[in-house]
Amino acid sequence: MSTVATDNVAAVRSAYEAFARGDIPAVIDFLAPEVLWIETQGGPYGGVYKGPQAVLEGIFARVGSDWDGFVCDVDRVLADGDTVVGICTYRGTYRATGRDMAARVVHVWEVRDGQALSMEQFVDSEQLNAAAR
């Protein structure tokens, strides 16, 4: 793996670790001012979010209010230059229904100079939706 890829994997891993410990400001700091955050259509948060504030309000604030014990278990992080792929599993309990969820997810990050320019999510959205029903 090239030095760039190694550095980018470390940056993404650091963001995942910050999320795991509840340090959302550190995750937001990892996002470039022009970040595009793309959530799988058909899921509860599906759409495109532009900029760190949109990600904070449209994703992290909503996940924090909708779920108990929401985690993103990271299985693997792979890279090819500026492209970093995280293979993970989301887990949590939907507050309104008390239903548990486990959903496989892949994140495709574009990272440059230590910041995420974009993140595209591919998730089994039916697992998230089923917990909310």
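Laboratory data are not the source of any read-out in this text; all were calculated from the coordinates shown. Here the structure is a predicted model, which means the values were calculated and not measured. Cβ atoms come from the backbone with ideal geometry, glycine included; neighbour counts cover every protein chain shown.
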No solvent, one uniform scatterer per C-alpha: report log10 I(q)/I(0) for the stretch 1-63 via the Debye equation at q = 0.12, 0.14, 0.20, 0.24 1/Å, two decimals. -0.33, -0.45, -0.84, -1.06
Interchain or long-range residues, amide H under 5 Å from S118's placed H: L36, E110
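Pop the C-beta distance of Q115 and V48 into the FRET formula with R0 = 22 Å and round what comes out to the nearest 0.05.
0.75
First measure r as the distance between the Cβ atoms of M1 and E57, then evaluate 1/(1 + (r/R0)^6) with R0 = 35 Å and state the FRET efficiency to the nearest 0.05. Don't skip to the end; give the middle numbers.
Working: r = 35 Å, r/R0 = 1.00.
Rounded to the nearest 0.05, the efficiency is 0.50.
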Quick one: which residues, 5 or more positions from G81 or on another chain, have an amide H under 5 Å from its amide H? H modelled 1.01 Å from N in the peptide plane, none for Pro or chain starts. S2, A5
What ³J(HN,Hα) values, in whole Hz, does the Karplus curve 6.51 cos²θ - 1.76 cosθ + 1.60 give for the stretch 120-133 when θ = phi - 60°, with x put for Gly and Pro? 10, 9, 10, 9, 6, 5, 4, 5, 5, 5, 4, 5, 7, 8
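Report, in debye and to the nearest 20, how large the dipole of the chain comes out about its Cα centre when Lys and Arg carry +1 and Asp and Glu carry -1 on their Cβ.
400 debye
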Kirkwood Rh over Cα pairs of the stretch 3-132 into Stokes-Einstein at 37 °C, 0.692 mPa s: D in µm²/s? 223 µm²/s
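Using the beta-carbon distance between T83 and A20 and R0 = 25 Å, what value does 1/(1 + (r/R0)^6) give for FRET efficiency, to the nearest 0.05? Walk me through the numbers before you get to the answer.
Values: r = 22 Å, r/R0 = 0.90.
So the FRET efficiency works out to roughly 0.65.
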Picking from N8, V84, S125, whose Cα lies most toward the positive end of the charge dipole for the chain (charges on Cβ: Lys, Arg +1; Asp, Glu -1)? S125
Could you state the angle between the C-alpha long axis of helix 3-20 and the longest principal axis of the C-alpha atoms of the chain, as a value from 0 to 90 degrees rounded to the nearest 10? 30 degrees
Gyration tensor on Cα atoms of the stretch 37-92, a ≥ b ≥ c root eigenvalues, a/c under 1.5 rounded, else prolate if a/b beats b/c, else oblate, says oblate
Along the stretch 99-109, what does the Karplus equation 6.51 cos²θ - 1.76 cosθ + 1.60 (θ = phi - 60°) give for ³J(HN,Hα), rounded to whole Hz, x for Gly and Pro? 8, 7, 9, 9, 9, 6, 8, 10, 10, 10, 9
